[in-house]
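The values are calculated or read from the model by the stated rules, or taken from the named source; none is laboratory data. No experiment lies behind these values; they were computed from the predicted model shown. Heads up, the Cβs are rebuilt from the backbone with ideal geometry, glycines too, and the neighbour counts pull from every protein chain shown. Ligands, DNA and RNA are stripped out before the accessible areas are found, and what is left, the full protein with its side chains, is counted by its heavy atoms. Shrake-Rupley method; radii C 1.70, N 1.55, O 1.52, S 1.80 Å.
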Amino acid sequence: MGRSAPVFQALLVFLTIIETQWSSVSGMYCADMASTVYRPHSVTITEFGAVGDGVTLNTKAFQNAIFYLNSFADKGGAQLFVPAGRWLTGGFSLISHLTLSLDKDAVIIGSPHSSDWPVIDPLPSYGRGRELPGGRHQSLIFGSHLTDVIITGANGTIDGQGAIWWDWFYNNTLNYTRPHLVELMYSTNVVISNLTFKNSPFWNIHPVYCSQVIVEHITILAPLNSPNTDGINPDSSTNVCISHCYVRNGDDVVVIKSGWDEYGISFAQPSSNISISNITGETGGGAGIAIGSEMSGGISEVRAEGIRIVNSLHGIRIKTAPGRGGYVRNVYIADVSMHNVSMAIRINGNYGEHPDNNYDKNALPIISNITIENVVGVDVGVAGILEGIEGDNFSSICISNVSLSVRSRHPWNCSLIQGYSNSVTPESCEQLRTDCEETSICYDGGSSLAVGSRASIHNKPSANILLNSLLQLVSL
């Protein structure tokens, strides 16, 4: 273990040097969006009676402030400023053309009483609460059918005080599905930036049925054993850009979803045009980059680059099951470093439960055009387990320029998949032995600019050469 730390530090330096050449391609989904907007009207939450002592419940103050600011929606919008202090509140809803801005020493604290978190209808693409039948608790900060919404600050904090919710989950005493910290539904032009999220009861940031979403410069923190504290979850959303975030939590760092079984199939709203870049993550029970398992509306056109995963269960993971239907295709993941990860790459065709017994067992997902390249890893348990579904082989799984220092004597286990590989160490499984440089089937990112840039990437030192050189260096 004494050798691993300097090796990983060197890998981080390497990744910084080869900072992704496709950032312009990935960012094009959100290129027309501004991360800051001037608001001609501004108020402070204290003007509405809020008290930042960590004890006084300020739900009414937030509600009244936002109700007042609604009168400026057609006059250039408005800002609600939260100054230094500890601002206890239950759930509240945002409006269009609003900036919620936190001082660097401001902490919005979720109430420990479930009655302060309203119960709302289940998502139509899920058919029920994700944990329990029926409704679900509204997120701490919520909005629906909005446009031009910014949640930001000078690294102020939003703390869900999730420990009590985790206890209710483990003790099976929940009445409804746990709430997220932020959920925006049916909304466009959304920016969430420069904040720290802590101790979410459930998922942290959940844009669902949204388009034009930027999540950047975010820190997300929760205990590594906290249940289902996913970091950033774009769900049935398009044109989403996630960048420069640090996540340390109990479940997936970034995970893309699109509805659950027959409800997701019927709602038929996919997630597409998702850009993920410059993410550092550590997770106790999830993956650095994940897709699914709720993917019944379809997921496509995903680019993830510049990903650093440490001390985690999985590096990259795709999850699905019979009954999901839908598809996952055109996924490109590159420039990934891993350190002390139990399993580098996992594709699982039989994962997760179903919302009810009405799902169609014959609704098989289509998994194709998945490219993973330029990956280095130190102190990795298993290189990969890639498992499709009987009668539903996952196809065009392409892995190249991957070098992993693996502990297991059986680094790969593959079944019911088809694909290609090139420059993979340890040698990939038999189903991927065809050289991906000899076929045009492998997905390259989906744009002419990406194709043009790809050759320069392959001219760089391979992951295998880099890893061997670094191991020799630290052994001197």
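Across the stretch 370-437, Cα pairs under 8 Å and at least six residues apart give a relative contact order of 34 percent. Within the chain, the whole DSSP H helices whose Cα atoms reach 15 Å or more along their own axis and whose mean Kyte-Doolittle score is at least -1.0 are 4-17, 59-69, 448-458, 463-475. Taking amide H atoms as placed 1.01 Å from N in the peptide plane, the amide H of C414 lies under 5 Å from those of L386, each 5 or more residues away in sequence or on another chain. Loop-located GluC sites (Glu not before Pro) in the stretch 360-426 (DSSP state not H, G, I, E or B) with no more than 14 neighbouring Cβ atoms inside 10 Å: E390.
Exposure check, 1.4 Å probe, all protein chains in place: M343 carries approximately 30 Å² of accessible surface. How large is the translational diffusion coefficient of the stretch 210-308 in µm² per second when you combine the Kirkwood radius over alpha carbon pairs with Stokes-Einstein at 20 °C and 1.002 mPa s? It diffuses with D of about 161 µm²/s by this estimate. Note on surface exposure: R346, R178, R433 rank R433, R346, R178 by accessible area, highest first, 1.4 Å probe.
List the lysines whose alpha-carbon lies under 18 Å from that of K319, not counting same-chain residues fewer than 8 positions away? Excluding near neighbours in sequence, the set is K257, K361. Each helix, a run of at least 4 DSSP H residues, gives -39500 (n - 2.57); summed and divided by the residues of the chain, these come to -4000 deg cm²/dmol at 222 nm.
Alpha-carbon geometry of the chain: the Rg and the Dmax are 22.3, 69 Å, given in that order.
Note that the stretch 414-424 has calculated 3J(HN,Hα) couplings of 10, 7, 6, 10, 9, x, 8, 8, 7, 6, 10 Hz, one per residue in order, obtained from phi through the Karplus relation 6.51 cos²θ - 1.76 cosθ + 1.60 (θ = phi - 60°); glycine and proline are x. Summary value for the chain: 10 percent relative contact order, contacts being C-alpha pairs under 8 angstrom separated by 6+ residues. Straight-line reach from K60: taking Cα to Cα under 27 Å and skipping same-chain neighbours fewer than 8 places apart, the lysines in range are K75, K104, K198. Prolate is the label for the stretch 28-85, because the ratio a/c of its alpha-carbon gyration tensor axes (a ≥ b ≥ c) is 1.5 or higher and a/b is greater than b/c. Taking θ as phi - 60° and the Karplus parameters 6.51, -1.76 and 1.60, the scalar couplings of the stretch 356-373 work out to 6, 8, 8, 6, 8, 4, 8, 7, 9, x, 9, 10, 7, 6, 10, 10, 10, 8 Hz in sequence order, x denoting glycine and proline.
Accessible area per residue, 1.4 Å probe, Å², for the chain: what's the number?
37
What's the carbon and sulfur percent of the stretch 45-341's accessible surface, probe 1.4 angstrom, rounded to a whole number? List each step's numbers first, then the result.
Working: 4390 of 8560 Å².
Of the solvent-accessible surface of the stretch 45-341, carbon and sulfur hold 51 percent.
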